[in-house]
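Any read-out appearing in this document is the output of simple, stated calculations on the displayed coordinates, not a laboratory observation. From a predicted model like this one, the values you see are computed outputs, not experimental measurements. Glycine also receives a Cβ, built like all others from the backbone with ideal geometry; neighbour counts cover every protein chain displayed.
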């Protein structure tokens, strides 16, 4: 089987095994859907607090999944097999990122619609919010691959991953919140697309370099 597809299928299955995707999705839904109960029905207040909250919840949900992305490969010898594969390591890292985006990111993107409605987003803006979440999560995961690779050999490296990747999460959060707020949606989506493309293009390269150092 093509090494890229084999890596994608393996990681996708691992993310779904034992309900592994439910924790980040549950965190996102809990953080967004319970807020109206705590803040009350005031529409103006919810509309002001909602956009940043959706994006902060999405970023934290992704952070919760990053620690074991490469750590398990390093522990069970899969990383050695990846290094010996005829496929470039960068392509295999990209496959792992794609599996994470589809298994974890897509459910969060779809959950963004009811979350936006619960937080009093205008109905005509919900589609833009969902699209921006798709781009933003691609940017989060692309940058997150680097932090996960750098800390693959560190036990309980979740805090260190956060310190490494949170600065790269800031632009998607800023412009994603602008989309949710309705501030120049087209320009904000364009910047988000640029962030996603940059993270997807450069993240696997930097992560592969870090993994080679881990294996030495």
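Worth pointing out:
- Ordering of 187-195, 174-182 by packing is 174-182, 187-195, highest average first (other Cβ atoms within 10 Å, averaged per residue).
- Relative contact order [Cα under 8 Å, 6+ residues apart], the range 119-216, whole percent: 44 percent
- Over the range 11-87, relative contact order from alpha-carbon pairs under 8 Å, at least 6 apart, %: 28 percent
- Computed E for residue 113/residue 90 - FRET, C-beta separation, R0 45 angstrom, nearest 0.05: 0.85
- If you wrap the chain in the convex hull of its Cα atoms and look at it from every side, the mean projected area works out to 11.8 nm².
- Under the criterion of Cα pairs below 8 Å and six or more residues apart, the relative contact order for the chain equals 28 percent.
- For the range 156-216 and the range 25-104, distance of Cα centres in Å: 11 Å
- Compared with the rule-of-thumb size 2.2 N^0.38 Å for a compact globular protein, the range 114-205 has a Cα radius of gyration ratio of 1.20.
- Global form of the range 161-204, assessed from the alpha-carbon gyration tensor, a/c cut-off 1.5: oblate
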